[in-house]
């Protein structure tokens, strides 16, 4: 699910964001892509909410990815030193919304290789 | 006798000279000339230049309203008449002419220019020019010197008289430094050029280390790493663990909280930067930030990140007032109460002072604390 973040990502808009993430988190496929392309303003409350849900979704074997980082959002994250954290969650431009966690991909690759070996 | 009319675009406030009320969306106009650059704004620097040509009668006008906007405490010595206001440019010029001004300097100050005014006046007189206009790289600058005798014809408006002598103008070419100050990028460029010695703009303060200047009352914690060039304006506070990687300029009364990194940035006066932040390639003021790399402006409505030191000054005062045996005794509990104050009012301070005296009276005497066995 792609969540397009609002222009003003502030305390006032975090309630809506929280509801959206909560709804997706409790669904069967808790894979969330946060689209920052329209974000013009951010504050620490919104940042805290996103970080908290990144953690919660990960606990439920889901993923959160970020995409379309606007210049304003990137500047805010750099100021708060969160740019390196969000860089780890950055979505590839052409990737599909739902992206598997790296550990899962790695495990699958290994088991496929094992299958090929066993098949040979 | 030389008189001058200095015109500023729109409603620039001379005494403000800061960026506190600035928002990224705001139209800058010629406001940048009233923002401090390395301790002093462009307008004041220009006014000091006017002293070199002994200009006695100086009037400030706002272009939009044609009224006097200046005459603050800093500029009163330049003002022709402290409380006089003019409904138009012509009225102001007429007043100066009636005061016996022989040469009139007309300036629209929106750019930073390093014209040698003494040389300009000498050129004007030596060439017996009726009107001399300053040119930079063959482009006219809004700075002209006019012979007052050419404007004394009765029955014709001053504008008309001025228009009549424009075809007879002489060009004064200068090749020194000029900065259009058209936006925040130009403003930042002025800082860089000053640091690199490409213009004659010098920092207000002392060079405390090679490439590091500081104004009066600057407080820098010993646990701060500084790489120049850097400028610290008057009463700026740099707290422990900060890393300053130049070129960095902090105007008056800024405060950088613990562990923050500043790199290639400029802070307007009274800017508070919160703890543990990373500010780089930016021009910032209280509540706003302009990223020079991404060319975007950001409003930050969080005073814990980028706020104003106005609100913190009172808090610091309160803390220093409370830095007594009481504070040591009460430890962090008492401090957490004070730290929660955002803008302590006088009433709040009084309350804390009362609390202090209450705690003091509750404490044992000084001698007893040093030697309890006594």
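Ignore the peptide's own chain and count Cβ atoms of other chains within 10 Å of each Cβ in A:51-60; give me the average, rounded.
Across the residues of A:51-60, the mean count of other-chain Cβ atoms within 10 Å is 0.
Just the ratio, please: alpha-carbon radius of gyration of region B:241-305 over 2.2 N^0.38 Å, N its number of residues.
My calculation over the Cα atoms of region B:241-305 gives 0.98.
Quote the relative contact order of region B:142-256 in percent (integer), defining contacts as alpha-carbon pairs under 8 Å separated by 6+ residues.
15 percent
Take every residue in peptide A:67-73, count the Cβ atoms of other chains within 10 Å of its Cβ, and give the average of those counts.
Shielding by partners across A:67-73 averages 3.
Over all residues in B:285-295, what is the mean tally of Cβ atoms on other chains that come within 10 Å of each residue's Cβ?
The per-residue average across the peptide is 2.
Can you tell me which of A:66-77, B:204-215 comes out highest on packing, and rank the rest after it, using the mean Cβ neighbours within 10 Å? Kindly include the intermediate steps, with their values, before the conclusion.
Numbers: A:66-77: 21.6, B:204-215: 16.2.
In descending order of packing, they fall as A:66-77, B:204-215.
Order of A:38-47, B:152-161 by packing, highest average Cβ count within 10 Å first?
Taking the mean over residues of other Cβ atoms within 10 Å, the ranking is A:38-47, B:152-161.
Using only the alpha-carbon atoms, what does region B:99-226 span along each of its principal axes? Please give whole angstrom values in decreasing order.
In descending order, the Cα extents are 71, 33, 28 Å.
Read-outs throughout are calculated quantities, based only on the coordinates presented, and are distinct from any laboratory measurement. Keep in mind that what you see is a predicted model, and the values were worked out from it rather than measured. Heads up, the Cβs are rebuilt from the backbone with ideal geometry, glycines too, and the neighbour counts pull from every protein chain shown.
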